[in-house]
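Everything below concerns the one structure shown next.
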Amino acid sequence: MAEEKETQLIPVIDISPYFSSNEAARKELAKAIDQACRGVGFFAITNHGVDLAMLETAREKSREFFRLPEPEKLLTPRPAPYILRGYDPILQESLYSTIGIENMVDFKESFTFGNPDIDPEDPYYFTPVATEAGHFVPNAWPNRPKGFREIMEDFYRSMNKLSVDMHHIFALALGLEEDYFDAMIDKPFTMGRIINYPAQPTPPEPNQIRAGEHTDYDNFSFLYTEEDAGGLQVRSRKGEWINVPITKDAFIVNIGDIMMRWTNDIWVSNRHRVINPPRDAATNTDRLSMVFFSEPNYDAVVECLPTCMGPDRPAKYSPISVGDYVKEKFTSQTTFQAWDEEDSERFDTQDTESRFRN
């Protein structure tokens, strides 16, 4: 019964109608997406068009990378606290810090990469704003495993295409023209990230879980992961933690802070976490996740969408540039400094019910 309720809260949505000319089916898809985004802000998508063989190869190369000796992985370190590139070892991030909670450390390791196809002749990627924030820092690739760079670049390109498709679907779901977001996502600083949550043969410290409670900062995120114990949880309407069911060959999609602001809090950027595995040796195993964070252009201005405001629902937030917002969050995540954004009370655990009201 519990699994049934969780599945209903986090629906599985077939997005193949988007790729068809059936307008009625496309409208039903848009309606289903809107309902999911107004609920817990999490849903799974199937028939997404991403090559499954490529995903499995990327997963195996990820496992090979994380099995390398620690000194070898550290040859591609993060270049700065606010720049998500390269390898981060265990206990080097605190997602709890991004919601203002200190002294809670993530028990995970990761490797992050950005756009492999930056045009060196385009000044947009090299403005002082872009350079200072490190939005388009070149990727640093490890020498091993063989083929790692190539498959991760394939993963990035495939996910970036899916990201554009999802922005089109979201625009339809919000009553906008299908290409509404196109001018704001044509030069994004999107990122791919592979994450290894190691087995825990000895109990972690009280302030260590696999990934701390947080919201994502982007427009939305794609997650391709495994159905293992010690997995992803999201909060229900009542503030209770529920397991996110994993559907084979599907991506989990969740709304991020930027999209929540764009929609005037109609769509939910919800808190989630990755819990520690049980102490049972059979289920206390490594867990691998592949994530794609869908960011807009760094100079895109996030302000209330025209279909998300009216006389009875004025705009709640002042306009803010995407780059400024995300840089502050990245820095908080990697320096363990609690973030105290002026409107951070909307993420307070005591305010769960109000965030689901439309």
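Structure data summary
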item	result
Output for the stretch 227-278, where each listed residue is in a loop (DSSP other than H, G, I, E, B), in contact with a Ser or Thr (Cβ under 9 Å, 6 or more places away or on another chain) and among the polar types (S, T, N, Q)	236, 247, 263, 269, 270
Per-region count, the stretch 192-212, residues surrounded by fewer than 22 Cβ atoms within 10 Å (Cβ to Cβ) and over 15 Å from residue 252 (Cβ atoms)	12
Residues within the stretch 21-45 that are touching a helix residue (DSSP H, G or I) at 6+ places or on another chain (Cβ under 8 Å) and of a type in the set (S, T, N, Q), tallied	0
Test: residue in the stretch 19-28 that is out of contact with any Asp or Glu (no Cβ under 8 Å at 6 or more places or on another chain), under 23 Å from residue 176 (Cα atoms), touching a residue at least 40 places away in the same chain (Cβ under 8 Å) and surrounded by 14 or more Cβ atoms within 10 Å (Cβ to Cβ)	yes
Leading residue by the ranking (nearest to residue 90 (Cα to Cα)) among those in the stretch 245-299 that are without any contact (Cβ under 8 Å) to a residue 60 or more places away in the chain and open to solvent by 50 Å² or more (accessible area, probe 1.4 Å)	278
Residue ID - surrounded by the most Cβ atoms within 10 Å (Cβ to Cβ), chosen from residues in the stretch 33-88 that are among the aromatic types (Phe, Trp, Tyr) and in contact with a strand residue (DSSP E or B) (Cβ under 6 Å, 6 or more places away or on another chain)	42
Complete set of residues in the stretch 47-60 that are within 16 Å of residue 164 (Cα to Cα) and among the β-branched types (Val, Ile, Thr)	50
Selection status of residue 227, more than 23 Å from residue 55 (Cα to Cα), without any contact (Cβ under 8 Å) to a residue 40 or more places away in the chain and surrounded by fewer than 16 Cβ atoms within 10 Å (Cβ to Cβ)	no
Residue satisfying all of: in the stretch 308-317; touching a residue at least 40 places away in the same chain (Cβ under 8 Å) and open to solvent by 70 Å² or more (accessible area, probe 1.4 Å); farthest from residue 241 (Cα to Cα) among these	309
Selection status of residue 185, among the hydrophobic types (A, V, I, L, M, F, W, C), touching a His at 6+ places or on another chain (Cβ under 7 Å), open to solvent by 10 Å² or more (accessible area, probe 1.4 Å) and at pLDDT 95 or above	yes
Selection from the stretch 192-213 of residues that are over 13 Å from residue 291 (Cβ atoms) and in a strand (DSSP E or B)	208, 209, 212, 213
All positions within the stretch 141-187 that are under 18 Å from residue 260 (Cβ atoms) and not in a helix (DSSP H, G or I)	174, 175, 176, 180, 181, 185
Looking only at the stretch 91-119, and only at residues there that are hydrophobic (A, V, I, L, M, F, W, C) and over 19 Å from the mean Cα position of the chain (by Cα), the one that is modelled with the highest pLDDT	118
Residue satisfying all of: in the stretch 147-177; open to solvent by less than 10 Å² (accessible area, probe 1.4 Å) and in contact with a helix residue (DSSP H, G or I) (Cβ under 8 Å, 6 or more places away or on another chain); farthest from residue 32 (Cα to Cα) among these	148
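The values are calculated or read from the model by the stated rules, or taken from the named source; none is laboratory data. Since we're looking at a predicted model, the values are computed, not measured. Here Cβ is always computed from backbone atoms with ideal geometry, including for glycine, and neighbour counts include all displayed protein chains. In case anyone asks, the SASA skips ligands and DNA or RNA and just uses the protein heavy atoms, side chains included. Shrake-Rupley method; radii C 1.70, N 1.55, O 1.52, S 1.80 Å.
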